[in-house]
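All remarks here apply to the structure that follows.
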Amino acid sequence: YGTRKGPYLGSGWTSTSKGNRIYLHVLDWNRKVALPRPPRRLGSATLLDGTEVKVQPEGGVVDITVPDELRDPIDTIIALDDWV
């Protein structure tokens with residue numbers, strides 16, 4: 001798909017990137033998804049179908065939440081635009 005390694009890697013999730021879009025791959029929702037807050041303003045966060053995802057900045061991290069019914073059991077992909 002023309003992506004490469006992204007800037008985020010955590011326990012239960014990883015990322016890829018293409019241009020100014022980061023694709024966050026959440027593989028395990030049993031862990032909290034908290035990313036380091038980017039140095040610039042936060043961009044948008046959506047599922048690949050365009051559904052907005054809840055993003056809550058708290059201090060130096062950003063918590064990301066997706067409702068249970070929208071989570072993929074194998075790989076939930078969240079597109080982060082303008083986060084780099």
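If you check 5, 32 for being in a strand (DSSP E or B), open to solvent by 60 Å² or more (accessible area, probe 1.4 Å) and not polar (S, T, N, Q), only one passes: 5. Within the range 61-76, the residues that satisfy the criterion of being loosely packed, with under 15 Cβ neighbours inside 10 Å and closer than 19 Å to residue 6 by Cβ are 61, 63, 72, 74, 75. Going through (1) under 11 Å from the mean Cα position of the chain (by Cα); (2) closer than 16 Å to residue 7 by Cα one by one, residue 82 falls short only on (1). Listed conditions (1) within 23 Å of residue 2 (Cβ to Cβ); (2) open to solvent by 30 Å² or more (accessible area, probe 1.4 Å); (3) part of a strand (DSSP E or B) are all met by residue 57, apart from (1). Among residues of the range 8-21 being assigned to a strand (DSSP E or B), open to solvent by 30 Å² or more (accessible area, probe 1.4 Å) and of a type in the set (S, T, N, Q), the one that is farthest from residue 67 (Cα to Cα) is 16. Kindly evaluate residue 24 against the criterion of being touching a Leu at 6+ places or on another chain (Cβ under 9 Å), open to solvent by 60 Å² or more (accessible area, probe 1.4 Å) and of a type outside the set (Val, Ile, Thr). Considered against the rule, which asks whether it is touching a Leu at 6+ places or on another chain (Cβ under 9 Å), open to solvent by 60 Å² or more (accessible area, probe 1.4 Å) and of a type outside the set (Val, Ile, Thr), residue 24 comes out as no.
The values are calculated or read from the model by the stated rules, or taken from the named source; none is laboratory data. The structure presented is a predicted model; accordingly, all values stated were derived computationally and were not measured. We place every Cβ from the backbone using ideal geometry, glycine too, and count neighbours over all the protein chains shown. The accessibility values were calculated without ligands, DNA or RNA, using every heavy atom of the protein model including side chains. Shrake-Rupley method; radii C 1.70, N 1.55, O 1.52, S 1.80 Å.
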